[in-house]
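The values are calculated or read from the model by the stated rules, or taken from the named source; none is laboratory data. If you're wondering where the values come from, they're calculated on a predicted model, not measured in any experiment. Every residue, glycine as well, gets a Cβ built from its backbone with ideal geometry; the counts of neighbours run over all protein chains shown. In case anyone asks, the SASA skips ligands and DNA or RNA and just uses the protein heavy atoms, side chains included. Shrake-Rupley method; radii C 1.70, N 1.55, O 1.52, S 1.80 Å.
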Amino acid sequence: MPLDQNAFFDTLYHESFAQLNLFAKRQLLDSHAAEELVQDTFFTAWTKKEALIRHEKPRGFLMEILKLKIQAYRRERKKWARFLVSLDSDVFREPAAPPSSPPAIVSDMLDAIQEVLNEGEWMVFQRFKLLGLTHMQIAEELDISVWASQKRLERAQQKLQKTFGDEWI
């Protein structure tokens, strides 16, 4: 890319980033996702730099890319929402009291479960199923997103069902 094209793109980035980021934050109500989509918008614009440079309104070109990315993001979230635990069902429920020391058969079962799951899945499974924490509490404790907590639990349940059958718990 010639020097003047680099300068054009750098200027456009510095002049437009804050406005695009603010728009995305308002649309998504998630600052991390908003920033990621704005960065992805600039990457896409970079791959279409000739069209961007020739466009009569480069900022409008960027905004259209961002709007399409927001739509795709929402579609993807909606698609995955069907497979995840509902936020309404358990995020705000009170945690159950921690169990007392488990009997030997339960201890053996927990050991078998722990062997099937990876560390991240085990951490979420144990906190959710055994300690009764909500996904929000787990996310805060493990410094992950609520979505990641839900996804890890879903994977853990799938692995356990595949290993132990439908009556694994």
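Key figures for this structure:
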| item | result |
| --- | --- |
| For the stretch 1-57, average projected area of the Cα convex hull in nm² | 3.9 nm² |
| In nm, spacing of pseudo-spin labels at ALA148 and LEU130 (7 Å Cα→C-beta vector) | 2.1 nm |
| Karplus-derived HN-Hα couplings along the stretch 130-143 (A = 6.51, B = -1.76, C = 1.60, θ = phi - 60°), whole Hz, x at Gly and Pro | 8, 9, x, 6, 7, 4, 5, 5, 4, 4, 5, 5, 8, 6 |
| Accessible area (Å², per residue) of the stretch 19-65, counting only protein heavy atoms and a probe of 1.4 Å | 64 Å² |
| Residue-count net charge about TRP147 - beta-carbon cut-off 12 Å; Lys, Arg +1, Asp, Glu -1 | 0 |
